[in-house]
Each structure stands twice: as C-alpha cells, then as structure tokens.
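To keep things clear, I will list the structure first and then write my remarks on it.
The values are calculated or read from the model by the stated rules, or taken from the named source; none is laboratory data. All of these numbers come straight from a predicted model, not from anything done at the bench. We place every Cβ from the backbone using ideal geometry, glycine too, and count neighbours over all the protein chains shown. With ligands, DNA and RNA removed, areas are computed over all heavy atoms of the protein, side chains included. Shrake-Rupley method; radii C 1.70, N 1.55, O 1.52, S 1.80 Å.
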There are 2 protein chains.
Amino acid sequence: MAVEVRSAKGAATRDQILDVAGKLIQLRGYHATSLDDVLKASGVGKGNFYYYFKSKEDLGYAILDRMLQAFVERTLEPAFADSVADPVVQIQEFLDRVLDNQRQRSCIGGCPMGNLASELSDVHEGFRQRLAGMFLQWRVTLAEVLARGRESGRLRSGLDPASAAQFLVAALEGAILLTKVTRDISVMERCVTELKRHLTLYEAR
Amino acid sequence: MAVEVRSAKGAATRDQILDVAGKLIQLRGYHATSLDDVLKASGVGKGNFYYYFKSKEDLGYAILDRMLQAFVERTLEPAFADSVADPVVQIQEFLDRVLDNQRQRSCIGGCPMGNLASELSDVHEGFRQRLAGMFLQWRVTLAEVLARGRESGRLRSGLDPASAAQFLVAALEGAILLTKVTRDISVMERCVTELKRHLTLYEAR
DNA sequence: ATGTTTGTACCGACCGGTTGGTACAGAAGC
DNA sequence: GCTTCTGTACCAACCGGTCGGTACAAACAT
C-alpha cells in the first residue's frame, strides 16, 4: 500500500513534467530553462503544471529529490551492493561506468548534480544544502567501501576513507566538467587512468 | 606610448563595468546577472553601457578575455616563472595558493572559469570554445613544468605530462566546486593533501 | 578671439517580448 | 455530484536592446 496514491493519471503527468524538466535543466541550466520551455516540451498546460508544483523552485526541489533517488538506486547501490567484493575493483568499475556514461552522452550535459551545484550554490541556499547533502551521500558511500577495504587488510591501515572519498568525488566532478567544456572524451579517459593509479596509493603493500 | 589611448575617462568607465560585471557574474552566474544589475552596481547608464559593448554577449567575451589575462599574469606566470626551481615544489606551492584563495573567499564564488564552463558549455558554443582554450592554456603550462621535471630527472621518465596536467586541473576544479557547495574549506584541504600525495607517483625513485 | 563643427561620453525613457505566477471555467473520473 | 485534473486567458515585473537627446572638450574656420 502506497502512503498516498494520487490517482494514476496525475502521477503520470507529474512524472512527465519531472522527466522533461530534468533533461532540459541538465542541458541548459536552471535559470536558462523557462517554465514555457518545460510546458512546450512536455505538452502540459500551465494550469496543470501549477496543480502539481507550487512554483518553479518547488519543481527544482522535486527534480533534486528524484535525481538523488535515481543516483542512489541506479548508480551507487548497484556498484557497491556486493559487500564482499574487492573494494578497489568495485571503485575501478565505478570509474569506468562514469567514463562510459560521458562517452554515451558525447561529452554533453555534464553531471546534473555538478551543474546545479555550480550554478546555484552561491545563489540559492536551499538548493545548495540539498546538493551538499547529495554529494555527502556519494562521499559516504565511497568512504564506506574504502573503510571496508581497510578493515579487510586490502587497503593501508593509515588510509583516511573520508579524505580519499572526498578526493575521488572531486576529481570525478572536475573530470566531467573539463570533458564537457572540451567536448573531448580523452580528457575523461586520462583522468580515470590517473585516478586508478591514485588508488594504488591506498593499497596495502 | 600606448598603441591606442582611448582617452582616460572612457577606459575607466569600461573597466568599471568589467570589474563590477565580472564579480557579479562570478557570484550569480551569467544568466542570473541582468544588465540592470550591472548598471545599478556600477552607476553607469544604459546608453553608456551600449556605447562600450554591443550586447551582453559582447560583455561576456570581454570578461573572459580579461579573466584569462589576469589568470595568466597574476597566477600562472608568477607560480612557474622560475624555470630552474623544483617542479614538484612549484606545483605544491601553486596548490597551496589555490587553497588559500578559497579560504580567503570563505569558500564562496568558486572558480570563475569553472562556473562559466559549467553554465555555458552546452548552451553557447562561442563561450565554450573560449573557456576550453583557457583551460588548455592552464593545462599546457602545468604540462611544461612537469616535462621540465622529467627532463631533469626529477620526475619519472614514463610520466605523461599532458595526462598528469589534465588530471591536476580537473581535480582542482572539482575540489573548488565541492568546496563551494559544501562551504567547507576542509574539503579543499583534503583534496590538496591527496593531490600532493598523488604527485609522489610522478617522482623518480 | 570667436563662433562652428565634430566626436566622445553619457543619460534615462521606452520598446517588444518573455518571465514566473494567478484566476477560473470546464472536462474527466469516481 | 464532488474531487481531481486540465486548458486558456491574463497579469505585473523584468529581460536585453534601441531610441532621441545632452554635455563637453578638442578641432576648425573666420
């Protein structure tokens, strides 16, 4: 039993708006995407939109929520679900997946979270906090994997999982950004290679 | 004798606009900064603005030019001018300077180039190309330093300067972005620490 | 020296179009 | 028949950009 059902039709329209707006905002940014753009692209009327969202800001929050959910369920959890697998291999495969994602997108669009963090952090405190929370979740997940590797003796005992995880996230975000601005997938490839090399620093000798 | 002088007064007004608009755009972004904002903050009338810039886009290009010039002259060149100093030390000091810069700004504002790259790369091809060129210049500068270190035997002979430089720029940009969204300077500190550790990978054994 | 012209620098009202947001009547579904 | 949903008309505020006009100093002509 769902907490609240909200009749099937409404949910579909709402999802449609979320889908279209999410894609548009990833590509053009929050400010550069107007409500009319979203409405035109989704075929939803204005009155209908304001039935589901009380403002553009509200839409933004909904997109952020959905983005986090999708990221956790479809990216983070699948990559690190197996708690007995080799943490280094898991992270390496995670890096490859991010790389492949950029390749499939032809280096366009960047990271949805990174884009919004860059555009809105200094402008909108509410969005900033949500985005910070999302990056925190990412970092914590990686830190757990690294801590697991340390406990199992696979990684150095002196390793600081939080610090290493922070760096991995930062390096990945930077790599995606530079890949976007150069439109050159080899930028991403090089960064992933260097990142894998960096992982060797953490391995127990 | 200057190539062209353009009477002192006019240049001052133009510079004033560039100053104010540059700061405003770094803080709020390109789209979220209106001409009226710039005009109000600089005390310049609209007619006067359009005497110096033919459009908002034109202003954007002028800001980019000025940004590149300042970055090269006031950051890149001072840090790597000495061609006999230890490359590793030079890069370490460069990292510390970037870290200190973020500290002074209280983690606010991020990287002007990174911000615009994120906001405009997929929206405005002209801006994208200019920004890509700016990052290229940064990367090339770092690559030259690394290549110098390799030639002198200070760094490993197997080192790929272009790849390593690319990674350094990416990691720094990512670190600045995450520092901005978390408003936590320790994020930057951790990333710089990890980056310095990464540099040891390049050192000749 | 004096009046005239010219180019630079500047202002603020105004334009058409777009923005996010509202009001509301009516259709659809139970 | 009541709630849920949806299209349309509308709004004030704001957007980037244009307009006619002004102030003033240097260049010029007389």
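For chain A, the 222 nm mean residue ellipticity estimated from helices alone, with every DSSP H stretch of n ≥ 4 adding -39500 (n - 2.57) and the total spread over all residues, rounds to -23500 deg cm²/dmol.
Net charge near residue A:198, counting Lys/Arg +1 and Asp/Glu -1 over other residues with Cβ under 10 Å of its Cβ? Don't skip to the answer; put the middle values down first.
Working: positive: A:196, A:197, B:197; negative: A:194, B:194.
Taking every Cβ under 10 Å from that of residue A:198, the sum is +1.
The mean sequence separation of alpha-carbon pairs under 8 Å and at least six residues apart, normalised by the residue count of chain A, gives a relative contact order of 20 percent.
Report the net charge of residues surrounding residue A:148, where surrounding means a beta-carbon distance below 13 angstrom and charges are Lys +1, Arg +1, Asp -1, Glu -1.
Values: positive: A:150, A:154; negative: A:82, A:86, A:144, A:151.
Neighbour charge sum, excluding residue A:148 itself: -2.
Principal axis extents of the Cα atoms in region B:8-116, from largest to smallest and rounded to whole angstrom, are 52, 30, 20.
All Cα-Cα separations within the protein assembly as shown were binned at 20 Å from zero, giving a P(r) of 25, 54, 19, 2, 0, each value a whole percent of the pairs. Helix A:8-28 and the long axis of chain A differ in direction by around 60°, with both axes built from C-alpha atoms.
Computed from Cα atoms, the angle from the helix A:125-151 axis to the main principal axis of chain A rounds to 30 degrees. Interface area, chains B and A: about 4100 Å² of buried accessible surface, summed, with a 1.4 Å probe and ligands, DNA and RNA left out. Backbone amide hydrogens, once placed in the peptide plane, bring residue B:155 within less than 5 Å of B:150, B:204, excluding anything fewer than 5 places away on its chain.
For residue A:12, the point set 7 Å out from Cα toward Cβ sits 6.7 nm from its twins in the other copies, listed from shortest up. Please find the FRET efficiency linking residue B:82 to residue A:65, where r is the Cβ-Cβ separation and R0 is fixed at 45 Å, and quote it to the nearest 0.05. My answer for the efficiency is 0.30. For residue A:55, the distances from its label point to the matching points in the remaining copies are 3.2 nm, ordered from shortest, with each point set 7 Å beyond Cα toward Cβ.
Can you give the charge dipole size of region B:64-202 about its Cα centre, rounded to the nearest 20 debye, using +1 on the beta carbon of Lys and Arg and -1 on the beta carbon of Asp and Glu?
200 debye
Interface residues of region A:110-151, defined as a loss of at least 50 Å² in heavy-atom accessible area between the chain alone and the complex of all protein chains with a 1.4 Å probe, are A:118, A:122, A:128.
Distances between equivalent label points of residue A:83 across the copies, with each point positioned 7 Å along Cα→Cβ, amount to 5.8 nm, shortest listed first.
Could you give the alpha-carbon Rg of region A:83-133 over 2.2 N^0.38 Å, rounded to two decimals?
Values: Rg = 14.9 Å, N = 51, 2.2 N^0.38 = 9.8 Å.
Region A:83-133 yields a ratio of 1.52.
Both the radius of gyration and Dmax for region B:51-199 are 16.3, 55 Å, in that order, over alpha-carbon atoms. Nearest beta carbon of chain A to the A-to-B rotation axis, with distance in whole angstrom: A:174, 1. When Lys and Arg each count +1 and Asp and Glu each count -1, what net charge do the other residues less than 15 Å away from residue B:179, Cβ to Cβ, add up to? Neighbourhood net charge equals 0. Going toward the positive end of the dipole of the protein assembly as shown, with +1 on Lys and Arg Cβ and -1 on Asp and Glu Cβ, which of A:61, A:191, A:17 do you reach last? Value computed over the given set: A:17.
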